[in-house]
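J.: Before I ask anything, let me first share the structure, which is written out below as structure tokens.
The values are calculated or read from the model by the stated rules, or taken from the named source; none is laboratory data. Bear in mind the structure is a predicted one, so any value in this text is a computation, not a measurement. Quick reminder, even Gly has a Cβ in these numbers, built from the backbone with ideal geometry, and neighbours come from all protein chains shown. All accessible areas refer to the heavy atoms of the entire protein, side chains included, with ligands and DNA or RNA removed. Shrake-Rupley method; radii C 1.70, N 1.55, O 1.52, S 1.80 Å.
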Amino acid sequence: MVLSWAVLPSPVGDLTVVAGDSGLRQVAFSGPERVLPGYDGVELREDGGPAAAVSAQLADYFAGRRRDFDLPIDWDTVQGLRLHVLRTLHEQVGFGETVSYRGLAERSGRPEAARAVGTIMGSNPVPIVVPCHRVLASGGGLGGFGPGLEAKRRLLVLEGSLEATLLELDMLP
């Protein structure tokens, strides 16, 4: 298997993107030195391959020129309830929208699984593209986010789901 990778600077920090012919495999809020060792036994290329196409779409998203991603996702490493919930999120919660953990559990046909949804969001291999930042606590709070609540807040401000503070007005496109 051959995968390509790229690093993209963004308003939420550097992102490392890994993709192959089957689609996007990973978006990580860290540098390649932390991401790439997880692909032991896989040929990795830093080139203009599929990762460059993903990076271009993410750059357009951060610049305010893109609301939806038009790229395949490689779901091979995800299965069961996790796959079902992530696909539901990807297909049903659009740009500028938010949903609670409980609401996403209900949309996924598993209303009793709100806590599991929280865990699934924390293990999303392709955040931003599969927008786990749009999933909020049932009480209206931000809930959790692996890269930190500041990153989640910035993504929600970028999408217009949260009002910008004066400090954030510089980051808007």
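J.: In Å², what does the accessible area per residue of the chain work out to with a 1.4 Å probe?
T.: Accessible area per residue, the chain: 50 Å².
J.: Spin-label point model (7 Å from Cα, Cβ direction): what's the residue 84 to residue 112 distance in nm?
T.: 1.2
J.: Could you sort 117-128, 41-52, 78-89 so that the peptide with the highest average Cβ count within 10 Å comes first and the rest follow in order?
T.: Averaged packing, sorted descending, gives the order 117-128, 78-89, 41-52.
J.: Another one. For region 74-113 and region 1-67, compute the distance between their C-alpha centroids and round to whole Å.
T.: Each part reduced to its Cα centre gives a spacing of 22 Å.
J.: Under a 5 Å amide H to amide H cut-off, with H placed in plane at 1.01 Å, what residues pair with residue 45 once short-range neighbours are removed?
T.: Correct list: 3, 4, 5.
J.: Please give the peptides 139-148, 10-19, 23-32 ranked by average Cβ packing (other Cβ atoms within 10 Å per residue), highest first, as a rough proxy for protection.
T.: 10-19, 23-32, 139-148
J.: Sum up the charges of everything whose Cβ sits under 13 Å from the Cβ of residue 116, counting Lys and Arg as +1 and Asp and Glu as -1, but leave residue 116 out.
T.: Net charge in that neighbourhood comes out at +2.
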